[in-house]
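Step one of this worksheet: look at the structure below.
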Amino acid sequence: MRTEERHRLIGELLRSREEITVDELAAECAASGATIRRDLDTLASRGVLRRVHGGARSLVLRGENPGYGQRELEGQDAKARIAAGVAGLLRDREHVWLDSGTTATEVARQLRQRELTLMPMSLRALYVLTAESHAGHRPAILVPGGSLIPGELCFRGPMAEANIRSLRFDTAVVTPCALNLKDGLLAHDLDDAAVKRAGLESAGRVIVASAGAKWNAAAVALVADLESVDVIVTDGAFSPQELAQLGKHSVKVVNV
């Protein structure tokens, strides 16, 4: 089993178990105890789990929000499809505001050779856009500034919001933590919601990039209602009634 496959399996197991031992993981992954211990140290540094003597403890089942590392392991194929769907909706030479998060990082990966002007809201997306050399076009990058959130490595705070609002974008690509018909787009905290709101309110068009699992999921901070959204790109399937309600808000759904 390859390293990334072991990491994904360990993350999945700790979604349903509060604790797991090195011996149990070695059996599940068909790997040595030394290999598993190295895996756990790596995943702990990424915020996926907490190391304990003889094994690991889930952060999710203990009520802690999943860190970037945990989310990065989940739904990789779906995020890649969503990112490709978003990229297909963007025209060359657009000015694009790009939200933070694992799906936004995948969108950045799709845009590395596009002739665009991008303001990405995380260092992770910036790294993807600038780390490797590519022939042909490369996006022009605008850096928002503000406070950098540890772990997530995303930009937050009044400076980031002010810099966003000082510009006008053709398109905002928003990655909400949750969304539903009643409340619209939601985030897990007020600072994230404020940055997302600044991005979408500064753009002529709003594309929401969202895994199907975020539909009707729980989050506490309101970002904007569905009247602010033009397109939802998702791997989820809506019922005919939900599609009719989205249509009333003039929201187009792109399934990938």
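Which of the trypsin sites (Lys or Arg not before Pro) across the range 162-230 are loop residues per DSSP, with 16 or fewer other Cβ within 10 Å?
Values: sites: Arg165, Arg168, Lys182, Lys196, Arg197, Arg205, Lys214; in loops: Arg168, Lys182.
Hits after loop and neighbour filter: Arg168, Lys182.
Students often forget the sequence filter, so: which aspartates and glutamates lie under 19 Å Cα-Cα from Lys79 once same-chain residues fewer than 8 apart are removed?
Excluding near neighbours in sequence, the set is Glu4, Glu5, Glu12, Asp99, Glu106, Glu152, Asp235.
On full extension of the chain, what length is gained from Glu201 through Asp41, given 0.36 nm per residue of separation minus the C-alpha to C-alpha distance?
On the way: separation 160, 0.36 × 160 = 57.60 nm, distance 4.10 nm.
Roughly 53.5 nm would be gained on extension.
Whose amide H sits under 5 Å from the amide H of Glu94, counting only residues 5 or more places off or on another chain, with H placed in the peptide plane?
Thr117
Tell me the net charge near Ile164. Cut-off is 15 Å between Cβ atoms, Ile164 excluded, with +1 for each Lys or Arg and -1 for each Asp or Glu.
Numbers: positive: Arg156, Arg165, Arg168, Lys196, Arg197; negative: Asp99, Glu161, Asp170, Asp191, Asp192, Glu201.
Surrounding charge for Ile164 is -1.
Pop a pseudo-label 7 angstrom from the Cα along the beta-carbon direction at both Ala237 and Ile141 and give the gap in nm to one decimal.
4.0
Describe numerically, in nm with one decimal, the distance between label points set 7 Å from Cα along Cα→Cβ at Met1 and at Glu227.
5.0
What does the extension gain come out to for Ala80 and Lys252, with contour length at 0.36 nm per residue minus their alpha carbon separation? Walk me through the intermediate numbers first.
On the way: separation 172, 0.36 × 172 = 61.92 nm, distance 1.99 nm.
Answer, rounded to one decimal: 59.9 nm.
Given 0.36 nm per residue, what is the gain on full extension from Leu123 to Leu9 after removing their alpha carbon distance, in nm?
Numbers: separation 114, 0.36 × 114 = 41.04 nm, distance 2.66 nm.
Going from the current span to full extension adds 38.4 nm.
Students often forget the sequence filter, so: which aspartates and glutamates lie under 13 Å Cα-Cα from Lys248 once same-chain residues fewer than 8 apart are removed?
Within the straight-line limit of under 13 Å, Lys248 reaches these aspartates and glutamates: Asp225, Glu227, Asp230.
Using θ = phi - 60° and the Karplus form 6.51 cos²θ - 1.76 cosθ + 1.60, what ³J(HN,Hα) does each residue of the range 226-238 get, whole Hz, x for Gly and Pro?
3J(HN,Hα) across the range 226-238, in whole Hz: 5, 4, 7, 9, 9, 9, 10, 9, 8, 9, x, 10, 8.
Only helical DSSP H runs with n ≥ 4 go in: add -39500 (n - 2.57) per run for the chain, normalise by residue count and round the 222 nm mean residue ellipticity to 500 deg cm²/dmol. Let's see the in-between values first.
On the way: 10 runs with 101 residues, N = 256.
It lands at -11500 deg cm²/dmol.
So if a site counts as exposed when it's one of the GluC sites (Glu not before Pro), its DSSP state isn't H, G, I, E or B, and it has at most 13 other Cβ atoms within 10 Å, what's the longest stretch of the chain without one?
Numbers: sites that count: Glu18, Glu64, Glu132.
With GluC sites (Glu not before Pro) excluded where exposed in loops, the chain gives 133-256 as its longest stretch.
Quick note: the coordinates plus some simple rules give every number you see, no bench work behind them. Being a predicted model, the structure only gives us computed values, none of them experimental. Reconstructed Cβ throughout: ideal geometry from the backbone, glycine too, with neighbour counts over all protein chains shown.
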